[in-house]
Structure formats: C-alpha cells, structure tokens
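The values are calculated or read from the model by the stated rules, or taken from the named source; none is laboratory data. What you see is a predicted model; the values in this text were computed from it and never measured. Here the Cβ is made from the backbone with ideal geometry for all residues, glycine too, and neighbour counts use every protein chain on show.
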Amino acid sequence: MTLDTALQLTIGGLVSGSLYGLVLIGILLIYRVSRVVNFAHGQIGMVAAMCAFFLVPHFGLPIAVALGLGLAVAALVSYLVDILVISRVTKIGSGFDLIATLGVMMFLTAIVELVASPKSFKFFSLGAQIEFTFLGVYFNANDLTVILTLAVVLGLLALVLNKTGLGLSIRAVAISPEIARTTGVNVQAVRALVWAAGGAIAGVAAILIASKVTLNAFYMTPFLVKAFVAGIVGGLDRFVRPMAIAVGLGLLESWVVYWLGADARIPAVFLLIIVVLGVLPSKYLQDLEQRP
Amino acid sequence: MFNMQSVARSDGRGGPENLRHMAWVTGGCLLVFALPFILETYWLYLVGVTAVYAIAGLGLVILFGFTGQLSLAHASFFGIGAYVSAIGGVHYGLPGIVTLPIAFAICLGAGAFVGIFALRISGLRFALITLSFGELFYWASVRWSDVTGGEQGLYAEPLSVMGIDFGDPINAYFLFAALGLLATALCFRLRDSSFGRAMAATRDSELAARSSGVSVARTRYIAFVIGALFSGVAGWLFSGHVGAISPNFFDMFASLNMLVAVIIGGVKTPLGAWVGAAYLVFVPELFGMAGVSNLYPILSGALLVLIVLVLPVGIVPALQQALRHLGTSRGDKQ
Amino acid sequence: MKIRSMLLQSAAVAGALGVSFTLGATAANAQSSVQIPDGTSVTIPSNATCDMDADAAGVSDDTIKLGAFTPLTGPVAGPGIGAVEGQEYVFDKVNAAGGVNGRKIKFSALDDQYSAAYAQQQVRRLVEREKIFAISGGIGTPNFVAVLPYIEKNQIPAIGMYAPAADKVGTMKNPHVYMIWPNFVSEFNVIADYVARTDSDASIALLMQSGDIGNDALKGMETALERHGRKIDNVLRTEATTTDYLPIAQELKEIGADWVFMVVQPTGIGQAIGSMAKIGYNPKVATQSDATDETFISAFPEEAEGISTPTKVAALTSDDPKVRAFVEDFTAVTGKAPSMWNTVGFAQAMVTIEALQGAPALTHDCLELALQHMQGFETGVLPPVTFSPDNRQGTNAVGIARIDDGVVIQVSAPVPVQ
C-alpha cells in the first residue's frame, strides 16, 4: 500500500465518521433533556433535505435559501414531535417512548413516500464538483464542508453549553428537570429549544449526506444506526467519547472495507462492539445506569 | 433507564371474583375448541401465525416485561429455531419432531452464550450487544447460502408427528393452541414463582433486589436464556407453518416488531404477548377487510403513535383498568 | 374432455374485435395502436385436454379477478408501482374494449413491501379472501420465492412475475409459474460475451453484492468468458447496506481493470461509479438491466453516462413500430412516457391476457394449457413468448444497450441466451 492510498482511505473514513457524528449530535442533545432515544431523528433530517430539494424547482429559490428553509422545517417538525408526542409519553423507559419515536419515524417515511414518490433523486452536489488533488489524494469541497461543519457545530455547541446562561439551563435540565424548575429555569422552553436545535442539526447532517449518496425516503437509516451504535457504546449522556467513537467508526469501516472487502464490514464492526463491551471494566459500564 | 413502575394488578380476589374468573376460563376454552370449526382456513392460518408470535412474545414478556432487559436479538433466536427445522428437513431429511430437541439445544447454547453479557451489562448497552449478535446472525444467514439458502431462504415441510399431518389447518390450529396455552401457563407460573419475584425486583430496583438477597446477574442470565428458548421454539413452529423462511424474517426490524407488539399489548402480562401478536397479524387484516389494504403500511406509524397516546399502559392493562372501573362503579350502585 | 377448436376460434374473434379500439387515443396518434391480445398465438393440439368443469375461483359471468403482490411502499416501491401502472394500462384497455369474452378484468395489487413475511400473508389474502383466478405480474425475487410452495400447493397459475431467481423460477420445479424474464445468469452471460467479443484484450473486474443475485451474475459471466478462453481478473464483494464506496473504488483503482462489471442495488451502482470518478479512475462500466430505468438515469445522470447494460425489454427509443405504438399510446392514455418498469408491467399483463383469450375455458387447468401452448406471442416489447408443456421460461433473450446523453440506446437486439 502506498502513502496516498492510506491518506485517501483516512480522509474518506474521516468524512464518513463526521457524518455519523453530525447525526449523533442531535441524538445526544435530545437524550440529555428528555432521556429519549429518538428513532425519528434521521427522518426529521430527511424532511429538511426533501423540503430544500423541492423548494428550489417549485419556487425558484436559490439553493442556500431553500436549504435554510429546509432546516427551519426540520426544527419545527422536531419541536412538534416533542410537543405532540414525546412529552405526552408518561413513562420514559417503559418502552412506550421507543414505540412513539418508531411510530413517528414510520409516519414521516410514509408521508414523504406519498408526497415525493418512492424515487431516488440527485441532490445538490454542494461543492462535490470542485475537485483538487493534494499529495496524490483526491478531495472535493464537499468533503471539506462536511469536516468543517462538524467542527463548527461542535465548537458552537461547546460554547453555548459551557459559556452561556442557556447552556447552564440545559445542563441543569439534563441533570434533573425538577430541580431545574425550582431554581427558576423554564424547563419547557429549554426542552423546546433543544428539540428544535436537534432537528435543525439533523437537517444539516441529512443535507450533507444527501449530497454524498442520493435522496429518497430511506437513505438516513444506515447512518442513524451507526450514530446509535457510537452513542450507546460511548454513552448517550456524554459528548466527547461518543463523538470520537462515531468518527472512529467511519475510519474503521473505511480501512476494513479496503483490506477485507465490503462484506467483512458487518462482522468486523459488530464483533468489535461485542468484544469491546465484553472486556470493558465494569466501572466504565456503570455510567449509563438508569436514573431514578 | 428501563425502569418501570408496576401496573396495578387485580389482587385479592374474593369468592365471586373467583367464580367470574372460572366463567371466563370456561368460556375461553369453549371458544378455543369451537374456533377451528367456525373459521375459514385463511383465518386459521392467521391464528396460527398469531400463536407463534405470541409464544415468541411471551419470551419477551419474561425478558423485558418481567426482568427489564431490552433484547434486539429475539428474532435471531426465532430464526435459529426456524432454520434448524428447515435445514434439518431440507438437508438431512429429519422429521420436524426430531429437529425440536436440536433447535431447543442450539437455542439453549446460543442463549447461554449471549446471556453471559447480561451478567454485567444492562440497559441500552445490552440492547446493543444483542443487536450485534442479531446483525451477525443475519449476515451469516445471507452469506452461508449453501446451508441457509441465502437471501431466498429455504422451504420447510409442515410438521407431521405419528401420522398426524399438521399441514392440515385444523390439526395445526390445535397444536398451536395447545403449545400456546402451555407457554402462557408457564409464563404465568414463572411470574408468580419466587423466581418471578426475583425478576420483578431486578427490574424495579437493582439495589433493592441485591439488598434482599437476589442475585441480579443470575436472575438476568436465567431470564435471558428462558426468553431465547421461548423464541426458538416459536421459530421452530413457524417454519413449518408458513412453509418458507428467509433472512428478512429474522432481521433487526423483525426484533423491533416483536418488541413493539408486546409493548403495545402490555409488556408485564403474558396476555399482552397474545394481544400484541394479534395486533401485528390482524390490524393489517382490518385494512384489508375495509378494502384499503395498501393504506396499512402508510398509516401503521401514525397508528402506533395514536396507541401510545391513547393507551399509555398497553392494551391489556388498559382493558383490565376499564373492567375494574366498570366493576367498582357497578358495585357503588348496589 | 377434448378441446374443441370451435371454442378457440370464437375466443379469437372476440379478441380481434377489440383490436381497433384504442382507449384515450387522440387523433394525432390514432394510427399507432397497441393490439389487444387475441389468443391467436395459442394453438392447442387436438389431443391435449384440460379440465373444463373445474371450480374456477375468481371467474364470474362478467368478471375475471386477477391479483399481484408487489412492493408498493419501501425502497423497492418504484419498480413495483411502475409495473402495476403498466399492467393497469393493459387491463383498462382490455376492459374498455369489452373485456375477455365479455368479462371485465378486476385487478388487485397488494403491497408486500418487498418482504417475504408480508408476501406470505398477501398471497393468502389474494387467493383465499379475494379469490383471484390467477396471479399476474408483480416485482421482486425474495418476496416471490417465499410463496412458491404455497403457489405449488394450491396450484395457482402465476404469470410473468419479475422474480429472476435462477433454478427456482422458470423451471419445471415450479410448473405453475410462467416466467418471461431472463435471470441474472443470462443477463451477465450476454453482457460479458459482448465485452469479450468487442474488447478482446480488456481486463475485467466484477463488483458483486453478496447474495443470490451476485452469485447468479458471477456464474453467467464465468460461463460466457470461458467460451472466449478468458476469465474475470478480480472479484470484489459489497453489501446492500454499504454507504461509503470510496474504499471499494480505491481497491478497484489499484486493480485498474479496463472494465468494471457491477451487480449491485441501483443506488450502490451510482455511488460506486461516482466514487471511482472522484479518485480519477474511469473504467468502462457494465451493469444489470435495472440501470436502463429512467429513475436510475435521473438520479445519477453523470454516473450513468456511457455504461453498458443488458436489456430485458426493448429500448423505448427503438424505431420498431410496435414499441413506438406502445410508447405513444401509453403516453396519450396516462399523460407520461412509459418507464422501463411500466414496460415490464405492460408485458406481464399482455401475456396474461393472451393466455386468458386463448384458454378453452376459464379454469386453472385450461389457462395453464393455453400458456403451455403459447407460441411466438408478440408483446411488442419482448422477444416472442413461447412456452411448452415442459418449458416455463417463455423467453430468455437479452439485448445490449448503452446510455448515451441520458438516453438508452439499443446496441444490439435481444438474442436468445446460449
């Protein structure tokens, strides 16, 4: 193997991993404030990409405006999902939260299938046509956008969570909504904001993914599954560790597929999960214990 | 995080309660015997599928409802049972009844192995472990096509034991009814046993369970193995009943479906497994009867959300509550 | 009971009356008409018999019920819906022309979501609840293969299902299934033969999706290349769930074959070609016939450019008058040009109607007798369809096409597969 092959695979893996990470951010945020594993997250993002895609030809909007509107729609849908469904699920952890988000996921899929037809569409290339070569490695502007977007979103989030009053409120709600309420935090508003922001970030992820693969009602599912895997292994109540695992997963897949072939990806990834979780010290596993 | 408060059950039955209970049981038995002579074969087939999914669902009730463990490999154990039956028949010409102990043994072994992880991992991470085994099972069932028939799967002959052909819908019905009732009775017995109390304690509070001398790890492990066995036996029944099996019966979505069914039905009661299985099988049928069969896939998600919002405890507990409510309001009038 | 030729002739006349009728045709294209099948390709020898008095579920004095189970939702809904539209176009036409011997076709397509589990339930609903007479068309291999034991046990004639499973469908193992589509062994046999003939020194790699379809394609290619004393230089595998094709593209680039053959689900093909192009590797590409569908070409316009594919239906750009008649009439009736999957459905329904028209009586037995004596039936979009008492593969011809400027160009006409 040559150096440029190694670099090419690493860059490719980083891009895939960043996409998993972008999907994961919203899942982690939403889990923080409502302790729900949101199966509908990927489809909320897909709605953003679909909206943007159809707004351009139908209303003659510039792509950037359409993308912005798509993100707004995703934020709204995510907010509505919480207000109309999730916040009404009485017992979180009873399994009903799982069914509720699964139901929403199926519902959004069905709606989009009905409205947009079950076809696949070529999404906006978002810089994929701007290509350049460096050290024998092929890039395009789209790859850089993905990695930069992840960095920017993570940076902004760290800033908001750690340096602002809003961030403090979010962290308080994450620890205990009841205590947060007694200290004067508007729990409802914080929750609404986090769901909306989570939806918008899902939209960002879905738009970038659509520009790499192809747009239809189902393209987000494999990315959602990988985001869950990274989140659960790393801990849904953390940030750094699951994000690192998401990016690592992308790199791992890239190398495994090159070395062992694409059909070795599933056994490699899932055997690794089993082994890792099997040998990790119990102390590490405790951090995800259920809260009363 | 899958900590649940127990749904109130009807406890402390008095004399008249007992009588009413017996009347229900007798009526139920009569119905079970009469059904196959009333229904067309099409409905008998569906009842058979319901019974199979209910038996698998009982395993989930024990695993998730009683013990609080989330498994996404349930359909894989179902698949092991189904493949053992079909592979035994296709490749080795074994009659169905011979493959039952083999299926049982392999599920026991597989459950005992995967269950090892339940000794110290719980919650979502345990769910991820089971999902991983499920994915490996699916991958193997597609790739190992010389044995499994690959994506197109295998055909399975209906069971035939001592000259009784269970390909006949009425015979099959009685077999499924008998096994279904047996599994349900087992599940009830298990719930009311001391092990049942250990499971409930493990689910409700690990700390409390430990302090009262319950081995949380051991309880989880045994519950997992029992759950796997229920699912495996159901899978073994399934392959002969539908006549053809392929990997997509046993993938992650199949496991999720099973979970959805028992949760909707009422995850803490064995009856919930039946209602959940009936939901999976007969709700699409209702759309078919209304002549809008193709609307079901479109509306199924919305329907799930609706059920969660309207019946936030599951169908069986909701019915029980309603019945009890009816009972007390009548009592007030007297 | 002996078949009387009288019966056959009256059927033929009734069909012929319908020929001139073209539903919804405007004056502009009135001259292009799609002939409604009239049963004339069915010639039943005088010594052949069928049970004319058998119970015939689904047939009443004024209707014939037909059914299909096929994906209408989910990732494979596109082909499923397309083929159903194609079938409905034919049935509407037949009904508008008075039906089959005065009986209107009632067609019911149920959604199986491309899942074997749903297909099991839907086929039972069609047969036992809706009491259909025969299964006409449908799309998808795993869903169809799963119900073969049920079809055999209940002896339901199944006509034209697009389920290219080598060994199972189109063979005497399942004698009630009448196949009109080449399988992937045939598709890749023909396209590999074409490449071996036209590009004699080229090195060849294959990217195959693990599973039955990939194995069939591999087998077809090996057989064809062996005839030319050649072989596949490298075989790579992928899976339906692969989302990142870059590492595969990298490996293919290092292999550096002149031709890359692909048998992968359509979005995978598009992404694999895109990834190869991204890293500066642009081999000649050959892939399965699905790539000639408009949905693939519009989703991957740049990637689709220049690829060679086998074809199972005539290219819709063909000058053949029958193809032109179909394209024009379909466009006039439905308001849109037919897609490849519309064409598949059209062919399925045409064969079904031809068999119904040619059947001496409307019983399962007699319908199958008619199918078994269908000879050289011209749908216009398929090579002539011929079954026999011991042949269930009605046509097994594969053509070659290339995608040029977003249009499917027929390179060579369909030839029977060796």
Search result, residues across the range C:232-242 that are surrounded by fewer than 19 Cβ atoms within 10 Å (Cβ to Cβ), out of contact with any Asp or Glu (no Cβ under 7 Å at 6 or more places or on another chain) and touching a residue at least 12 places away in the same chain (Cβ under 8 Å): C:233, C:234, C:235, C:240
Residue B:172 being buried (at least 23 other Cβ atoms within 10 Å of the Cβ) and touching a strand residue (DSSP E or B) at 6+ places or on another chain (Cβ under 8 Å): no
Top-ranked residue in the range B:99-127 [being in contact with a helix residue (DSSP H, G or I) (Cβ under 7 Å, 6 or more places away or on another chain) and free of Cβ contacts under 8 Å to residues at least 12 places away in the same chain; ranked as surrounded by the fewest Cβ atoms within 10 Å (Cβ to Cβ)]: B:125
Residue list for the range C:383-392, filter: in contact with a Gly (Cβ under 7 Å, 6 or more places away or on another chain) and surrounded by fewer than 21 Cβ atoms within 10 Å (Cβ to Cβ): C:384, C:386
Condition check for residue B:82: at pLDDT 95 or above, within 24 Å of residue B:279 (Cα to Cα), part of a helix (DSSP H, G or I) and among the hydrophobic types (A, V, I, L, M, F, W, C): yes
Those residues of the range C:145-169 which are over 18 Å from residue C:185 (Cα atoms) and within 11 Å of another protein chain (Cβ to nearest Cβ), in sequence order: C:146, C:147, C:148, C:149, C:150, C:151, C:152, C:153, C:154
Per-region count, the range B:206-260, residues of a type in the set (D, E, K, R) and not in a helix (DSSP H, G or I): 1
Unique residue being away from chain B (no Cβ under 14 Å), surrounded by 17 or more Cβ atoms within 10 Å (Cβ to Cβ) and part of a loop (DSSP other than H, G, I, E, B) when the list is A:194, A:153, A:190, A:185: A:185
Of all residues in the range A:1-38 being out of contact with any strand residue (DSSP E or B) (no Cβ under 8 Å at 6 or more places or on another chain) and among the polar types (S, T, N, Q), the one that is modelled with the lowest pLDDT: A:2
Any hit, the range C:332-340, residues being buried (at least 24 other Cβ atoms within 10 Å of the Cβ), within 14 Å of another protein chain (Cβ to nearest Cβ) and of a type outside the set (Gly, Ala, Ser): yes
Where a residue in the range A:40-62 is closer than 16 Å to residue A:109 by Cβ and its partner, wherever it lies, is loosely packed, with under 15 Cβ neighbours inside 10 Å, with Cβ under 9 Å and at least six apart: A:50/A:115
Failed condition for residue C:392, given (1) assigned by TED's automatic domain parsing to the domain that holds residue C:166; (2) in contact with a strand residue (DSSP E or B) (Cβ under 7 Å, 6 or more places away or on another chain); (3) of a type in the set (D, E, K, R): (1)
Qualifying positions in the range B:155-181 - outside any loop (DSSP other than H, G, I, E, B), of a type outside the set (Phe, Trp, Tyr) and closer than 27 Å to residue B:273 by Cβ: B:161, B:164, B:169, B:170, B:171, B:172, B:175, B:177, B:178, B:179, B:180, B:181
Yes/no for residue A:174 being on the phi < 0 side of the Ramachandran plot and touching a His at 6+ places or on another chain (Cβ under 7 Å): no
All positions within the range C:135-161 that are in contact with a helix residue (DSSP H, G or I) (Cβ under 6 Å, 6 or more places away or on another chain), more than 19 Å from residue B:48 (Cβ to Cβ) and not in a loop (DSSP other than H, G, I, E, B): C:136, C:139, C:142, C:143, C:145, C:158, C:159
Pick from the range C:285-344, criterion charged (D, E, K, R) and under 17 Å from residue C:405 (Cα atoms), ranking: nearest to the chain's Cα centre (by Cα): C:293
Selection count where residues are in a loop (DSSP other than H, G, I, E, B), surrounded by fewer than 24 Cβ atoms within 10 Å (Cβ to Cβ) and within 14 Å of chain B (Cβ to nearest Cβ), scope the range A:197-235: 2
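What residue, of B:304, B:326, is in contact with a helix residue (DSSP H, G or I) (Cβ under 7 Å, 6 or more places away or on another chain) and in a helix (DSSP H, G or I)?
After applying the criteria, what remains is B:304.
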Residues that are of a type in the set (Lys, Arg) and either within 14 Å of another protein chain (Cβ to nearest Cβ) or buried (at least 22 other Cβ atoms within 10 Å of the Cβ) (or both), drawn from the range C:282-331: C:312
